[in-house]
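Colleague: Okay, handing you the structure first.
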Amino acid sequence: MLTELLVAFVLQGAAEVQETPRLDQVTPVDLSHTYDSSTLFWPTSPIAFEHNELSYGPSGNGYFYSAYTFATPEHGGTHLDAPIHFSEGAKTVDKLPMSDLYAPLVVLDVSEKASANRDYRLAPTDIEVFEKHYGRIMPGTAVVVRTQWSEHWPDAKAYLGDDTPGDASNLSFPGFGAEAAKMLVDRKVSMIGIDTASIDYGKSKDFAVHVVIAGANIPALENLTNLRSLPETGAWILAAPMKIGEGSGAPARVVAFVKKAATQ
């Protein structure tokens, strides 16, 4: 399956941005939290993750059989925001091309700043410092922000800043800043992501980053994890959201492909 994705992506011309990695030369890194009873959702979510047993045990026909139902909001756990989430008429989950979901990856590390200020927002200067060291972020690149906030998962109060059911007015965690988001739109990035509950910081009331990114038809990943295992450049990322028709978002299995030398 992954080999087929790599081949398809090359045929679409994505290799012009950065050489597509060979699978025998990379280590896959899972950037996803497990969906279970501890999964965190936005405080105003009407339900959490539900997983109910339909069958578990001998079938009566000589074999073991298990099956379950599940229910979940689109936005919770490790998930993808489709542009239509904050932009009327923009792309839904099922309309996102694979070329938007599989891309060379850049990691912007603000973990020290976030540790000192839990309401820190990625600033244009963070991008400028990165580019001074590594070069300009190229079109078609996916950009994720590493805050190390996933270390708080699944402690709702530590992760979100407040664990009052139904109340999202006192949240506190790092995010992107609107001006930095505009700069990444100018760079023509393919996707952004972060290891917190939202690309907007917790205290946001206008969700300006969502509006900027969605308005440019760029998808976003939230509640990522294991970003500590990634180099600042050189890896690739694959986001595989559930293909929900007309979905504004979806649970996602997100994987980074890191060159083996970079993981040793």
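Colleague: Ignoring ligands, DNA and RNA, please state the percent of accessible area on the chain from carbon and sulfur, probe 1.4 Å.
Modeller: On the way: 6680 of 12800 Å².
Its accessible area is 52 percent carbon and sulfur atoms.
Colleague: How about the stretch 56-118: which chymotrypsin sites (Phe, Trp or Tyr not before Pro) there are in a DSSP loop, with at most 14 other Cβ atoms within 10 Å of their Cβ?
Modeller: Values: sites: TYR56, TYR63, PHE64, TYR65, TYR68, PHE70, PHE86, TYR102; in loops: TYR63, PHE86.
Of the chymotrypsin sites (Phe, Trp or Tyr not before Pro), the ones in loops of the stretch 56-118 whose Cβ has at most 14 other Cβ atoms within 10 Å are TYR63.
Colleague: Alpha carbon centre of the stretch 166-194 versus the stretch 220-264: separation in Å?
Modeller: Measuring centre to centre over Cα atoms gives 16 Å.
Colleague: If you don't mind, there's one more thing I want to ask. Please turn the phi angles of the stretch 180-189 into ³J(HN,Hα) values with the Karplus equation 6.51 cos²θ - 1.76 cosθ + 1.60 (θ = phi - 60°), one per residue in order, whole Hz, x for glycine and proline.
Modeller: 5, 4, 4, 5, 5, 4, 4, 6, 6, 5
Colleague: Given the pairs LYS95/LYS157; LYS157/LYS203; LYS113/LYS243; LYS91/LYS203; LYS91/LYS259; LYS91/LYS243, which span a C-alpha to C-alpha distance of over 24 angstrom in this model? Before the final figure, lay out each step's value.
Modeller: Values: LYS95/LYS157 35 Å; LYS157/LYS203 14 Å; LYS113/LYS243 36 Å; LYS91/LYS203 27 Å; LYS91/LYS259 32 Å; LYS91/LYS243 12 Å.
The pairs that break the limit, which is 24 Å between Cα atoms, are LYS95/LYS157; LYS113/LYS243; LYS91/LYS203; LYS91/LYS259.
Colleague: Same structure again: For the stretch 16-80, which GluC sites (Glu not before Pro) pass both filters: DSSP loop (anything but H, G, I, E, B) and at most 13 other C-beta atoms within 10 Å? Don't jump to the answer; show the numbers that get you there.
Modeller: Working: sites: GLU16, GLU19, GLU50, GLU53, GLU74; in loops: GLU19, GLU74.
Those that pass, being in a loop and sparsely packed, are GLU19.
Colleague: So who's got an amide H within less than 5 Å of the one on GLY249, skipping anything under 5 residues away but keeping other chains? H placed 1.01 Å off N, in plane.
Modeller: Long-range HN contacts for GLY249: ALA82, VAL93.
Colleague: Determine the shape class of the stretch 113-264: with a ≥ b ≥ c the square roots of the Cα gyration tensor eigenvalues, call it rounded for a/c under 1.5, and otherwise prolate if a/b is greater than b/c, oblate otherwise.
Modeller: On the way: a/c = 1.30, a/b = 1.29, b/c = 1.01.
Verdict is rounded for the stretch 113-264.
Colleague: With a 1.4 Å probe and all protein chains left in place, how much accessible area per residue does the chain have, in Å²?
Modeller: So the chain comes to 48 Å² accessible per residue, rounded to a whole number.
Colleague: Hey, which aspartates and glutamates would be in cross-link range of LYS182, C-alpha to C-alpha under 14 Å, not counting anything within fewer than 8 residues on its own chain?
Modeller: Within the straight-line limit of under 14 Å, LYS182 reaches these aspartates and glutamates: ASP126, GLU128, ASP200.
Colleague: Counting only C-alpha contacts under 8 Å and six or more residues apart, can you give the relative contact order of the chain as a whole percent? Could the numbers behind the result be given before it?
Modeller: Numbers: 584 pairs, mean separation 77.1, N = 264.
Taking the mean separation of contacting Cα pairs over the length of the chain, I get 29 percent.
Colleague: On to the next question. What relative contact order, as a whole-number percentage, does the stretch 147-264 give when Cα pairs under 8 Å and 6 or more residues apart are counted?
Modeller: Numbers: 166 pairs, mean separation 25.5, N = 118.
Reported relative contact order: 22 percent.
Colleague: Another one. Just to confirm a number: summing +1 for Lys and Arg and -1 for Asp and Glu over residues other than GLY247 whose beta-carbon lies under 12 angstrom from that of GLY247, what do you get? Display every interim value, and only then the final one.
Modeller: Details: positive: LYS91, LYS95, LYS243; negative: GLU74, ASP81, ASP94, GLU246.
After counting each charged neighbour, the total is -1.
Colleague: Convert each backbone phi in the stretch 146-161 into a coupling constant with the Karplus relation 6.51 cos²θ - 1.76 cosθ + 1.60 (shift: θ = phi - 60°), then list the ³J(HN,Hα) values in order as whole Hz, x for Gly and Pro.
Modeller: In residue order, the calculated couplings are 9, 10, 6, 5, 5, 5, 7, 5, x, 6, 4, 5, 5, 6, 9, x Hz.
Colleague: Just in the stretch 177-253: which trypsin sites (Lys or Arg not before Pro) are loop by DSSP and have at most 15 other Cβ atoms within 10 Å? Working shown, then result.
Modeller: Working: sites: LYS182, ARG187, LYS188, LYS203, LYS205, ARG228, LYS243, ARG253; in loops: ARG187, LYS188, LYS203, LYS205, LYS243.
For trypsin sites (Lys or Arg not before Pro) across the stretch 177-253 that sit outside H, G, I, E and B with at most 15 neighbouring Cβ atoms in 10 Å, the list reads LYS188, LYS203, LYS205, LYS243.
The values are calculated or read from the model by the stated rules, or taken from the named source; none is laboratory data. The model shown is predicted, which means the values in this text are computed figures rather than measured ones. Backbone-built Cβ (ideal geometry, glycine too); neighbour counts: all protein chains shown. Surface accessibility is based on the protein's heavy atoms, side chains included, excluding ligands, DNA and RNA. Shrake-Rupley method; radii C 1.70, N 1.55, O 1.52, S 1.80 Å.
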